[in-house]
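Asker: I'd like to ask some things about the structure below.
The values are calculated or read from the model by the stated rules, or taken from the named source; none is laboratory data. Computed from a predicted model, the values in this text were never measured in an experiment. Cβ coordinates were reconstructed from backbone atoms using ideal geometry, including for glycine residues, and neighbour counts include every protein chain displayed.
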Amino acid sequence: MKKRILGEITVAPDKSISHRGVFFGSIAKGITRIENFLTGEDCISTINCFRSLGVNIEQKGNTVTVYGKGILKQPETVLNTGNSGTTTRLLCGLLSGYPIQTTLSGDDSLNKRPMKRVIEPLSLMGAEISAKDGNFCPLTIQGKNRLKAVSYTLPVASAQLKSALILAGLHADGATVLREPELSRNHTEVMLRSMGADIQSIGKEIRVNPIETLSPLELSVPGDISSAAFFIVAALITKGSELVIKNVGVNPTRTGIVTALRKMGGNIKEENKRIVCGEEVCDLYVTSSELHGITIEGEIIPALIDEIPILAVAAAAATGTTVVKDARELRVKETDRIRAVCDMLTVAGVTFEEFEDGFSVTGAETVKGGIYESYGDHRMAMSEQILSLLSEEEFQIKDKECVNISFPDFWGLFEQITKE
Ligand code: S3P
């Protein structure tokens, strides 16, 4: 019998905001308190790196206290950034502006991800960074007391790259000017401004001025729209579903998924909109919908980049064909997510076409069970579990525990709201 989704939940705290709370709290002077911190593996990697850099950080459940002194000490060991691209790239930018030598390395997936995108502009700013084949971890950074301010156009819309350069810009000898090809998530700008940094954003241009001291933060982290996306799609694609997701971050640089799903015919309501710590937050009401295919391309892509695997699941349940283009960046995520989505659709027996920068999916009457590879990628494993709602057959998802990277409660919540 087909299943439906019923209930009221909160989802995992926002990963991007949790990372940044620890990063910026560590370099501020004073005590930063973070409520509703994400205790997923990626954010724990960030905490451990800053502990190795001499910062006293207490974690009690979801509450994290960072005792920032505005200084970082030379670590005794390699900084292990685990599976986390955000930890690695932001650290690269930050550590370029401290006169210490550090080495960063992560797991097999992380060590295959491109770092040249941060190394090149940081080298222009005067940092000395060496990397395996000039592009991969382990990276060794010889930071400088003062970096050179630059004017730089980012080759990709990447919030990790932008944030690395903003952090370096805080330690530069003048105004650093950055231009993005498309707007990417702006949590770094929002949070650093609230800590006293002089960062101006005009359209796709960001101007960062150096600062001596950042003030500490009182931060309450909203639910992660990227985690909510799995259950939003689950409720949309199953008949007779009604789901409420409380306290979700809906910063406009992150809500491409809501825009795209509404365009596909999805019934998603935002209620009780409010601003918490400079970020828009609301409660989402989602009901079953008849979805239809659309084309997703251009400037919306960075605003839903992490949600494209689950969008492929929505597309498999929709009538007609959904096309995703301009999403080449997916090739260099935790795994090659274009390939991984196509592999998932192959097992499912759903018609698709793979492009260099995306894919097309044609909605299917039935979805087959079978053995699904997650490639250790949290967002693939969760997408595959939601896909299973469309099938009468058994799904076996490999390396399921990888969801702990961003959403440790995923399986429990799935059980809680899935009804016969
Ligand atoms: C993130 C930025 C994005 C996103 C990642 C988190 C961040 O990566 O995919 O999950 O917190 O800055 P890119 O900067 O590579 O686009």
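Asker: Restricting to the stretch 142-178, and then to whatever is basic (K, R) and buried (at least 17 other Cβ atoms within 10 Å of the Cβ), can you tell me which residue is farthest from the ligand (Cβ to nearest atom)?
Answerer: Selected residue: K144.
Asker: Looking for something under 18 Å from A168 (Cα atoms) and in a loop (DSSP other than H, G, I, E, B) - is there at least one such residue anywhere in the stretch 73-82?
Answerer: Looking through the stretch 73-82, at least one residue is under 18 Å from A168 (Cα atoms) and in a loop (DSSP other than H, G, I, E, B).
Asker: Enumerate the pairs (first residue in the stretch 158-175 and not assigned by TED's automatic domain parsing to the domain that holds K144; second residue anywhere and away from the ligand (no atom under 12 Å from the Cβ) and not in a loop (DSSP other than H, G, I, E, B)) with beta-carbon separation below 8 Å, excluding pairs fewer than 6 apart on the same chain, so at least 6 apart or on different chains.
Answerer: none
Asker: While we're on this one: I need the strands (runs of 3 or more DSSP E) fully contained in the stretch 323-420, keeping only those with at least 3 residues that are surrounded by fewer than 16 Cβ atoms within 10 Å (Cβ to Cβ).
Answerer: Correct list: 351-355.
Asker: Okay, next question. If we keep just the residues of the stretch 179-208 that are more than 14 Å from the ligand (Cβ to nearest atom) and under 26 Å from Y67 (Cβ atoms), which is surrounded by the most Cβ atoms within 10 Å (Cβ to Cβ)?
Answerer: Ranking the candidates gives V208 first.
Asker: Right, next: Could you please find all residues in the stretch 117-158 being among the aromatic types (F, W, Y) and closer than 15 Å to G93 by Cβ?
Answerer: Once the filter is applied, which keeps residues that are among the aromatic types (F, W, Y) and closer than 15 Å to G93 by Cβ, the stretch 117-158 yields only Y152.
Asker: So which of L6, L38, L90 ends up being outside any helix (DSSP H, G or I) and within 16 Å of the ligand (Cβ to nearest atom)?
Answerer: Checking each option against the conditions leaves just L38.
Yes or no, residue by residue, for (1) at pLDDT 95 or above; (2) closer than 26 Å to M264 by Cα:
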residue: T321; (1), (2): yes, yes
residue: D326; (1), (2): yes, yes
residue: E354; (1), (2): yes, yes
residue: G358; (1), (2): yes, yes
residue: E365; (1), (2): no, yes
residue: M380; (1), (2): yes, yes
residue: L387; (1), (2): yes, yes
residue: C402; (1), (2): yes, no
residue: S406; (1), (2): yes, no
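Asker: So for the stretch 164-174 (the condition being of a type in the set (V, I, T) and out of contact with any Gly (no Cβ under 9 Å at 6 or more places or on another chain)), does at least one residue qualify?
Answerer: no
Asker: Does any residue of the stretch 210-217 turn out to be within 16 Å of the ligand (Cβ to nearest atom), in contact (Cβ under 8 Å) with a residue 60 or more places away in the chain and in contact with a Phe, Trp or Tyr (Cβ under 7 Å, 6 or more places away or on another chain)?
Answerer: no
Asker: Looking at this structure, is R20 surrounded by fewer than 24 Cβ atoms within 10 Å (Cβ to Cβ), under 18 Å from the mean Cα position of the chain (by Cα) and not β-branched (V, I, T)?
Answerer: Considered against the rule, which asks whether it is surrounded by fewer than 24 Cβ atoms within 10 Å (Cβ to Cβ), under 18 Å from the mean Cα position of the chain (by Cα) and not β-branched (V, I, T), R20 comes out as no.
Asker: Go through the stretch 233-250 and give me each residue that's among the small types (G, A, S) and crowded, with 21+ Cβ neighbours inside 10 Å.
Answerer: Those that are among the small types (G, A, S) and crowded, with 21+ Cβ neighbours inside 10 Å: A234, A235, S241, G249.
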